[in-house]
Amino acid sequence: MGIEPRGTDFTTWYLLESGVVRAADVRHPVPVSYAQLARVHDARYLESLSDPATLARIYATDPSEVPVDALLDSVRLVCGGTLGAARLALARQTPVVNMAGGFHHARPDKGGGFCTVNDIAVAVADLRASGFEGSVAVLDLDAHPPDGTAACLAGQP
């Protein structure tokens, strides 16, 4: 079966076609950089993501079915979407959603549970690097604990 890195594109198309979302409300993310990811994730771990075996473990598939470059491009875009949503929420002082985000199992030194990097922690780290000092609340509605997010944000307000 493999991994489909364009899943976010398909979901966005469906939401637009079904009228759930207006085109004017859709933002096009800018992918996060390696430096932004490195604020949260260990360099050795980030380097390991170029190995199909590492990604296959995270996504529970065979290494031969992992489109490494396309998958990492997609992950960086999703992280950029979470960061863009966080910036927009702060600017507007209103709720904003990134439908593709929520990689809550990724820890600083490893991924798991279909989560390569922790987009929430990357967004918070970038905002903090830009001077944001406020508290952050993470509302996780998944059926199991956000163990990676807790590890990435440990000790922060």
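Surface exposure of region 1-74, expressed per residue as accessible area with a 1.4 Å probe, stands at 66 Å². The residue among ALA129, GLY84, LEU141 whose Cα reaches farthest toward the positive pole of the charge dipole of the chain, with charges on the beta-carbon of Lys, Arg, Asp and Glu, is ALA129.
Shape verdict for region 110-153, please, from the Cα gyration tensor: rounded (a/c under 1.5), prolate (a/b greater than b/c) or oblate. Oblate, since a/c reaches 1.5 and b/c is not below a/b. Would you mind checking region 89-105 for residues with the amide N under 20 Å from a putative spin-label position 7 Å along Cα→C-beta of ASP25? Within reach of a label on ASP25: 89-102.
For region 82-157, the normalised intensity computed at q = 0.20, 0.21, 0.25 Å⁻¹ comes to -0.87, -0.96, -1.30 (log10 of I(q)/I(0), Debye sum over alpha carbons, equal scatterers, no solvent). Computed across region 45-123, the Kirkwood radius stands at 13.1 Å (inverse of mean 1/r, all Cα pairs).
Each stretch of four or more DSSP H residues adds -39500 (n - 2.57); spread over every residue of the chain, this sum gives -14000 deg cm²/dmol at 222 nm. Taking only the C-alpha atoms of the chain, Rg followed by Dmax gives 15.5, 45 Å.
The values are calculated or read from the model by the stated rules, or taken from the named source; none is laboratory data. From a predicted model like this one, the values you see are computed outputs, not experimental measurements. All Cβ positions, even for glycine, are placed from backbone atoms using ideal geometry, and neighbour counts span all protein chains on display. What goes into the accessible areas is simple: the full protein's heavy atoms, side chains included, and nothing from ligands, DNA or RNA. Shrake-Rupley method; radii C 1.70, N 1.55, O 1.52, S 1.80 Å.
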